[in-house]
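Here's the structure we're looking at; comments come further down.
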Amino acid sequence: MLKLHNKYIRITVFGLIVYFLTVIITPNINSQPLGFKNSIYATNSSSSIIVAQSSEESQEGEQKTAEEAEENQEEFEEADVLVDGKIIFTVKSSLGELSPEARAKTAMQRLEKVAQNSAILPEQIQIVNLKELELIQAEDIVITTFGEEDAEAENLPLSELVNERREQIVNAIIEYRQSRTKQSIFWGAIKAVIATIVAIITLLLLNKGLPSIFNRLRTWQRQRLEAVEFQGLQFISGRQVAQFISFLFTVVRIFLVFLVFYIYLPLVLSYFPWTQPIGIKLLSNFWGAINLVISGIVSYLPNLFIIAVIGIIAYYSMQFARIFFNAVGEERIQINGFYPEWSAPTYNLTIFFIIGLAGVLIFPYLPASNSAGFQGISIFVGALFTLGSTAIVGNIVSGIVLIYTRSFQVGDVITANEKTGRVLEKSMLTTRIMTPDNEVITIPNATLLVSDITNYTASIRDQQQPLILKTTITLGYDVPWRKVHETLINAAKDTEEILEDPEPFVLQTSLDDFYVAYTLKAFTNIPEKMGLTYSKLHQSIQDKCNEADIEILSPHYSAIRDGHQITIPENYLPSDYKAPGFRIESLGNFSPKNNHDQSEK
């Protein structure tokens, strides 16, 4: 990895050297200085836009009517006169039909012409009084003109303003010529070499220092931050944390290298007069961007303070709600009509309300909250939520209703939507139950709300009343009912998970044509084993009925007792029991002939 970085560094250094030589050699090949387009710019200080128009546009501007000139004056209130990217002075008013922009462009063109003519000495630049105007002139070249409008704009006497502008023009011409001397170019090259060395050393230090910092960060991550968890729920694994740190390291590294290059290149460009405007512009943009960020942060501090206050209030409100509802759930605080199991969902609803209210209060103070893009996204999200979340909202409302109607709780055994099982999870959207066959069924809360829910645990938990298990058998009228009652009660008492207190009892629920219906009711405190308890109870009923010589025949059993084995199992019968034989009687008296004779008599 280090070799790869060194390769990139060598390529970068080579590119910088080539660029550096190009900057120095190119102006020397072309003995003539670069034209106006590379050295002199006009800027609109009010809008911070460089004015660069061709001569054709200039001519068109001179032919504009008075109304167009006034409009241009309103649009371009100020225009800067620049030499080599540096502001010499600012034109703040129009002069006749000439806008500040046109005046600044004309001044820059003539100023460049004078600066390039070494035969014109700075001392030859004079002030000429012409009626109501003051001219700054070099030989036969009028560099610029000033009137009373300029003096009023600068709040200075006209004579003092003209003297100040002449001094600025003279200094600009001297600096323009000095920057193009061999000595100045030589020192510019020395500065460029020093800047290049500093840039290379900075890149080398970044190449060596950043990996060390990254390795320490990775070591800290392995020791202290294997994963990001909250209340036992893992949001980000250790591998994902390591990948994020690697990505963050790469981004920081690229940013720092880019920052070094962005500072280095404009700095080198500013050392040579031919590229000085570009360097100054890049540096001014860089510092302007930093100033914009800093000023934006400073101007945003009041809003940030308000957001911080709202956030702090919301945070401590949530902390108070957590403490309060924990106390309610642990029954250290009791509220009439408010059940302890309501504490957790009510806490969640309270947190949702606090966060939502804080979000509504913070939203107007967010950056760009009033922008059209932000508002468009908000409308889109709202419409998407409205159109696509009808079922979700219905399930949430149903979940809240189920919670506060106390239909069931986690751990209860219920029958809902024709499914019986133990409640595993109850959320705002769905409820999950596990059947006795270990099948996990997820039921939407909206479906549960319109279904009949049978809760087998609620009476045990709320009223401390055991659950009643009931089963019905039918027996013939030939079996004494007292014997049936005793047998069924004994069968219930001999069944596991059936309580002896309260004692089981029997009800005769119907007297049908061929049988009597007996309903046995027994009590249990373990609804989770309801199916197994029913099975054991039925087995016990069969055993006790067989022991008591009670045959469970009806309603769908029929038999001819002559010659048929009794239905009671053999191990319950006496050892000498034998199945009865068929009884046969003579049918002679019932022959058709005898019957005919009898009828004739």
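The values are calculated or read from the model by the stated rules, or taken from the named source; none is laboratory data. Small disclaimer: the values here were computed from a predicted structure and weren't measured. In this analysis, Cβ positions are derived from the backbone assuming ideal geometry, glycine residues included, and neighbour counts consider all displayed protein chains.
With the structure loaded, tell me whether Ile173 is within 30 Å of Gln126 (Cα to Cα), at pLDDT 85 or above and crowded, with 17+ Cβ neighbours inside 10 Å or whether it fails that test.
Against the criterion (within 30 Å of Gln126 (Cα to Cα), at pLDDT 85 or above and crowded, with 17+ Cβ neighbours inside 10 Å), Ile173 qualifies.
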Worksheet item: Which condition number in (1) under 24 Å from Gly337 (Cβ atoms); (2) surrounded by fewer than 17 Cβ atoms within 10 Å (Cβ to Cβ) is the one that Leu424 fails?
Response: (1)
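Would region 230-248 turn up any residue that is in a helix (DSSP H, G or I), exposed (fewer than 11 other Cβ atoms within 10 Å of the Cβ), modelled with pLDDT under 80 and more than 26 Å from the chain's Cα centre (by Cα)?
No.
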Worksheet, complete the sentence: Only one of Glu167, Glu123, Glu160 is at pLDDT below 85 and assigned to a helix (DSSP H, G or I), namely Glu123
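Does region 351-368 contain any residue that is touching a Ser or Thr at 6+ places or on another chain (Cβ under 8 Å) and assigned by TED's automatic domain parsing to the domain that holds Val328?
yes
Quick check on region 254-269. Is at least one of its residues exposed (fewer than 11 other Cβ atoms within 10 Å of the Cβ), under 25 Å from the mean Cα position of the chain (by Cα) and of a type outside the set (A, V, I, L, M)?
no
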Item to complete: Hey, can you tell me all the residues within region 336-383 that are in a helix (DSSP H, G or I) and hydroxyl-bearing (Ser, Thr, Tyr)?
Response: Ser343, Thr346, Tyr347, Thr350, Tyr365, Ser378
Worksheet item: Pairs under 9 Å by beta carbon, first residue under 21 Å from Leu573 (Cα atoms) in region 531-554, partner aliphatic (A, V, I, L, M) and surrounded by fewer than 16 Cβ atoms within 10 Å (Cβ to Cβ), six or more apart or different chains?
Response: Asp549/Ile566; Asp549/Leu573; Glu551/Ile566; Leu553/Ala559
Response to the item:
Checked pairs for region 515-527, first basic (Lys, Arg), second part of a strand (DSSP E or B), C-beta under 6 Å and 6 or more apart or across chains, list as Lys521/Ile468; Lys521/Lys470; Lys521/Phe505
Worksheet item: Among Glu77, Glu71, Glu152, which is the only one that is at pLDDT below 85, surrounded by fewer than 22 Cβ atoms within 10 Å (Cβ to Cβ) and part of a helix (DSSP H, G or I)?
Response: Glu71
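Okay, residues lined up against (1) free of Cβ contacts under 8 Å to residues at least 40 places away in the same chain; (2) hydroxyl-bearing (Ser, Thr, Tyr):
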site: Leu161; (1), (2): yes, no
site: Ile174; (1), (2): no, no
site: Lys182; (1), (2): yes, no
site: Phe186; (1), (2): yes, no
site: Ala192; (1), (2): no, no
site: Thr196; (1), (2): no, yes
site: Thr202; (1), (2): no, yes
site: Leu205; (1), (2): yes, no
Fill in: Close pairs from region 91-111: first within 16 Å of Gln168 (Cβ to Cβ), partner surrounded by fewer than 21 Cβ atoms within 10 Å (Cβ to Cβ) and not aliphatic (A, V, I, L, M), Cβ under 6 Å, at least 6 apart
Lys92/Glu78
Worksheet, complete the sentence: Checked pairs for region 320-337, first in the same structural domain as Ile355 (by TED's automatic domain parsing), second surrounded by 10 or more Cβ atoms within 10 Å (Cβ to Cβ) and of a type in the set (Gly, Ala, Ser), C-beta under 7 Å and 6 or more apart or across chains, list as Phe325/Ser343; Val328/Ser343; Gly329/Ser343; Gly329/Ala344; Ile333/Ala327
Practice prompt. Hey, can you tell me all the residues within region 266-287 that are touching a residue at least 60 places away in the same chain (Cβ under 8 Å) and of a type outside the set (Ser, Thr, Tyr)?
Written response: Leu267, Val268, Leu269, Phe272, Pro273, Trp274, Gln276, Pro277, Ile278, Gly279, Ile280, Lys281
Discussion item. Only one of Val484, Val479, Val506 is assigned to a helix (DSSP H, G or I) and of a type in the set (Val, Ile, Thr). Can you tell me which?
Written reply: Val484
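Check whether at least one residue in region 401-414 is out of contact with any Lys or Arg (no Cβ under 9 Å at 6 or more places or on another chain), in a helix (DSSP H, G or I), surrounded by fewer than 17 Cβ atoms within 10 Å (Cβ to Cβ) and without any contact (Cβ under 8 Å) to a residue 60 or more places away in the chain, and report yes or no. Write out each step before concluding.
Kept after step one, since they are out of contact with any Lys or Arg (no Cβ under 9 Å at 6 or more places or on another chain), are these residues of region 401-414: 401, 404-407.
After this cut, where a residue has to be in a helix (DSSP H, G or I) as well, the list is 401, 404.
Checking the rest, the ones that are also surrounded by fewer than 17 Cβ atoms within 10 Å (Cβ to Cβ) come to 401, 404.
Then drop every residue that is not without any contact (Cβ under 8 Å) to a residue 60 or more places away in the chain, which leaves 401.
Yes, the conditions are met somewhere in region 401-414.
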Fill in: Unique residue being over 22 Å from the mean Cα position of the chain (by Cα), part of a helix (DSSP H, G or I) and in contact (Cβ under 8 Å) with a residue 60 or more places away in the chain when the list is Tyr316, Tyr300
Tyr300
Discussion item. Please count how many residues of region 375-431 are at pLDDT 75 or above and either under 21 Å from Leu349 (Cβ atoms) or assigned by TED's automatic domain parsing to the domain that holds Asn525 (or both).
Written reply: 28
